[in-house]
Amino acid sequence: MAKILIVEDNALNIKLFCDLLAAHGHKPEAVTDSRNALDAARDFEPDLVITDIQLPHVSGLDLIRLIRKDEQLAGVPIMAVTAYSAQGDEERIRAAGAQAYVSKPISVVRFAETVDELLKDGHDRGPPAKVDDEPEIDNPESRANQSEEGPGPGEAGGEGD
C-alpha cells in the first residue's frame, strides 16, 4: 500500500482520484488548498504526489518546484494532471521536476498504469534536477498557465459528472 498525496481543488476530481487509488490498494490523502500542500506532504510523507497544474494561490508548477527544493520531499515522484494542454506544457512540467504528465479527461487505465510505474521506480530516480525558477506564492504570473474555463463535458469534473 502506497501513500499518495493528491493536490487538487476540484471536489469531483478528488473523489475520482481517491476512489481509483483506494480501489488499487493505496492510501490517498487529498489537499484542496495548494498553500497547505507542502506542509501536508511533509506530515504525510507520501510515496507519490499527484498535483493539478491549474491551482489557485500556488500553481502546480510552483508546487512541483517547492517539492523538488525540499530536503525531505525532493526524491518523491510527482505526477502532474491538467486539463490545460498547450504546446510546450509537458516540457515545462517535466522541467519543473515532475516525472509524469497526464492530461484531463483522464483515462482510468493510463492513470493507474502511470501511478504503478512511478511507484515501481519510487525513490530510485536519482537526485532531483536543479530548478532555477523561484516559485512564488500568490503571484499572478505564477497563475499565467491557468484558464478561466473549467473542464468540458465528459472530462473529470465537467458537465454530467
Ranked highest first by the average count of other Cβ atoms within 10 Å around their residues, in what order do 64-73, 86-95, 113-122 fall? 64-73, 113-122, 86-95
Within the range 77-110, backbone nitrogen closer than 16 Å to the virtual label 7 Å beyond the Cα of H24 toward Cβ: 77-82, 99-104, 106-110
Under 5 Å, built H, 5+ apart or other chain: amide partners of I50: L5, I6, V7, M79
Can you tally the net charge around T32? Count Lys and Arg as +1, Asp and Glu as -1, for every other residue whose Cβ sits under 12 Å from the Cβ of T32. -3
Output the Cα-based Rg and Dmax of the range 21-106 in Å, rounding Rg to one decimal and Dmax to a whole number. 12.4, 35
State the extension gain, in nm to one decimal, for the chain segment bounded by S85 and T32, taking 0.36 nm per residue of separation less the distance between their alpha-carbons. 16.9 nm
For the pair E71/A11, report the inter-label distance in nm, with labels modelled 7 Å from Cα in the Cβ direction. 4.0 nm
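Each reported figure results from applying straightforward, stated rules to the coordinates on display, with no laboratory input. Owing to the predicted nature of the structure, the values given are computational and were not obtained by experimental measurement. Cβ atoms come from the backbone with ideal geometry, glycine included; neighbour counts cover every protein chain shown.
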